[in-house]
Amino acid sequence: MLIPPKIFKNLKLTSNNKMARPHVLVVPYPEQGHVIPLMELSLCLVKQGIKVTFVNTKHNHERIMNAFPKGNNNALLSQMNLVWIPDGLGSSEERKMPGKSSEAVLKVMPEKVEQIIEDINDGSLCEEKISCVLADQSIGWAIGIAVKKGIRPAAFCPAAAAQLVLGLSIPKLIESGFVDQDGTPLENQIIQLSPTMPVVSTENLVWVRAGSTAARKHIFQLMLKNIEFMEKTEWILCNSTYDLESAAFSLAPKITPIGPILSSSHNELDHSAGHFWPQHQNCLKWLDQQSPCSVIYVAFGSITTFSSLQFQELCLGLETSNRPFLWVLQPDIKGGMQNLYPEGFEERVSNRARMVGWAPQQKILSHSSVACFISHCGWNSTMESVSNGVPILCWPHFADQFLNRSYVCDVWKVGIALERDKSDIVTKGEIRDKIEQLLSDEHLKARAASIKEKVQLATEQGGLSNSNLDRFIKWIKT
């Protein structure tokens with residue numbers, strides 16, 4: 001059986017004298033940055049009386065359940081049905097490889113998702129049949145399954161609208177000679193779809209930064225195929241705001257901003273939903289003891305890794321900044337190597353630093369002691385930072401992070417970029433100097449505060465993102 005029988009204990013039968021609730025099947029792409037915003041959106045739907053069945057891979061499902069605080073599991077499960085399917089991967093090493101992961105997603109998941117729909121909609125498990133499929137836009141095949149089954153489809157983009165528009169523009173990029181039929185850049189060129197949109201070089205296109213040649217070609221073809229599915233969906237929701245990306249939304253009016261979706265605004269649980277690792281809440285008490293706007297927050301998402309040399313340069317850059325810092329070190333950031341700290345580093349910074357394994361990022365960025373954020377520029381991190389008015393020191397590594405950096409540094413002007421030297425290393429001196437530059441730029445801080453206000457207005461009652469989300473909920477219920 002695809003789904004553990006115990007999961008279906010949470011499926012509530014509808015009495016015969018009541019109309020069945022709308023039932024949404026939610027399918028994220030199986031990566032941390034994709035799962036979290038869709039789970040937060042799902043909790044928002046549940047609060048509006050909509051039934052949600054959320055599909056994770058078995059590996060991710062187990063990580064989420066293990067990461068959730070004991071005693072709160074039942075609270076989460078009572079709000080939505082969490083089900084799992086195999087991901088077709090044999091080892092955790094394969095799961096770290098974008099090409100392998102995307103191949104397995106396409107090869108294994110469609111059949112299993114279709115089976116879940118059939119199992120639920122045959123009426124033997126639940127009277128509330130699936131009435132809508134809400135899928136990550138990067139797995140357009142789920143939209144295709146919904147259309148095939150006569151179920152209303154909706155797509156969700158966890159990235160910038162500009163990134164989605166760029167993906168939808170692939171045929172034009174081929175026609176204009178930026179890339180060939182496999183997505184390989186014909187030469188290094190700058191792409192800007194609109195004067196007020198971020199620039200991206202062809203060498204930093206999301207699929208070009210995806211790993212091996214085989215992986216790049218596979219992801220490119222997947223994105224090309226997704227264009228067809230996006231034409232079939234009734235909604236393309238985006239975790240962004242119109243004010244932040246007005247040009248992108250104007251180019252593609254079908255893309256609907258409903259963000260930023262933050263845990264504090266949609267999730268009444270004390271713990272953010274969908275995280276793969278336990279969150280260390282004690283760091284918040286440490287932040288309480290620090291001076292206002294004094295702490296450098298450092299985090300690079302769930303899959304970034306560093307060489308031993310780069311890791312040590314980062315350590316020394318933070319140390320020589322002579323400022324307090326909170327550093328999130330997810331388990332794989334050191335590439336599996338142990339004891340990479342420079343000799344004596346931990347002792348020297350012990351009175352002004354905390355290193356934790358995983359942390360409640362939204363709570364950290366909203367804390368008054370945080371001065372800036374050294375970030376990989378993942379979209380979730382970017383949205384959380386601008387929503388809290390925190391300036392960003394940008395250090396992108398792959399995928400859409402380079403486009404996001406352009407937004408932060410060139411369009412919104414709420415951050416500055418770290419630059420690599422000729423050896424492709426961000427040196428300790430570069431880190432130290434850019435921290436000082438960022439924190440001494442009062443105009444940049446003022447812009448960050450201004451954007452924070454605009455973003456907050458979008459999600460408040462009557463704001464555009466809030467109104468769009470209300471429209472989507474009404475559509476689900478009709």
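Scanning the stretch 437-449 for residues that are out of contact with any Lys or Arg (no Cβ under 6 Å at 6 or more places or on another chain), surrounded by fewer than 19 Cβ atoms within 10 Å (Cβ to Cβ) and part of a helix (DSSP H, G or I) gives Gln437, Glu442, His443, Ala446, Ala449.
Quick check: anything in the stretch 214-235 among the β-branched types (Val, Ile, Thr) and not in a helix (DSSP H, G or I)?
So in the stretch 214-235, the residues among the β-branched types (Val, Ile, Thr) come out as 219, 227, 233.
Restricting the remaining residues to those that are not in a helix (DSSP H, G or I) gives 233.
Scanning the stretch 214-235, I find at least one residue that is among the β-branched types (Val, Ile, Thr) and not in a helix (DSSP H, G or I), so the answer is yes.
Only one of Lys232, Lys225 is surrounded by fewer than 18 Cβ atoms within 10 Å (Cβ to Cβ), within 30 Å of Ser467 (Cα to Cα) and charged (D, E, K, R). Can you tell me which?
Details: Lys225 fails: within 30 Å of Ser467 (Cα to Cα).
Just a single option satisfies the conditions, and that option is Lys232.
Residues of the stretch 450-464 that are surrounded by 14 or more Cβ atoms within 10 Å (Cβ to Cβ) and either among the charged types (D, E, K, R) or touching a Gly at 6+ places or on another chain (Cβ under 9 Å) (or both): Ile451, Lys452, Lys454, Val455, Gln456, Leu457, Ala458, Thr459.
Which of the following residues is crowded, with 17+ Cβ neighbours inside 10 Å and either modelled with pLDDT of 95 or more or over 20 Å from Cys394 (Cβ atoms) (or both): Ser321, Ser291? Outline the logic, then answer.
Working: Ser291 fails: crowded, with 17+ Cβ neighbours inside 10 Å.
Only one candidate qualifies: Ser321.
Where strands (runs of 3 or more DSSP E) fall wholly inside the stretch 360-436, the ranges with 2 or more residues that are β-branched (Val, Ile, Thr) and touching a residue at least 60 places away in the same chain (Cβ under 8 Å) are 370-375. Within the stretch 147-172, no residue satisfies the criterion of being without any contact (Cβ under 8 Å) to a residue 60 or more places away in the chain and buried (at least 24 other Cβ atoms within 10 Å of the Cβ). Contact annotation: residue pairs with Cβ atoms under 8 Å, 6 or more positions apart or on different chains, pairing a residue in the stretch 252-269 that is hydrophobic (A, V, I, L, M, F, W, C) with a partner that is modelled with pLDDT of 55 or more and assigned to a loop (DSSP other than H, G, I, E, B), are Ile258/Asn239; Ile261/Asn239; Leu269/Asn72.
The residue that is nearest to Gln32 (Cα to Cα), among those in the stretch 144-185 that are out of contact with any helix residue (DSSP H, G or I) (no Cβ under 8 Å at 6 or more places or on another chain) and part of a loop (DSSP other than H, G, I, E, B), is Ser169.
In the stretch 186-200, which residue that is without any contact (Cβ under 8 Å) to a residue 60 or more places away in the chain and assigned to a strand (DSSP E or B) is surrounded by the most Cβ atoms within 10 Å (Cβ to Cβ)?
Step one: list which residues in the stretch 186-200 are without any contact (Cβ under 8 Å) to a residue 60 or more places away in the chain, which gives 186-195.
Now narrow it down to the ones that are assigned to a strand (DSSP E or B): 190-191.
Values: Ile190: 10, Ile191: 20.
Among those that are without any contact (Cβ under 8 Å) to a residue 60 or more places away in the chain and assigned to a strand (DSSP E or B), it is Ile191.
When Lys452 is tested against (1) under 30 Å from Val24 (Cα atoms); (2) in contact (Cβ under 8 Å) with a residue 24 or more places away in the chain; (3) of a type outside the set (Phe, Trp, Tyr), only condition (1) is not met.
Quick one: is Lys452 closer than 30 Å to Thr256 by Cβ and either touching a strand residue (DSSP E or B) at 6+ places or on another chain (Cβ under 9 Å) or not in a loop (DSSP other than H, G, I, E, B) (or both)? Answer is yes for this residue. Restricting the stretch 360-405 to residues that are under 20 Å from Asp433 (Cα atoms) and among the small types (Gly, Ala, Ser), the residue that is surrounded by the most Cβ atoms within 10 Å (Cβ to Cβ) is Ser375.
The values are calculated or read from the model by the stated rules, or taken from the named source; none is laboratory data. A quick note: this is a predicted structure, and the numbers were derived from the prediction, not measured. FYI the Cβ positions are ideal-geometry reconstructions off the backbone, even for glycines, and counts take in every protein chain you see.
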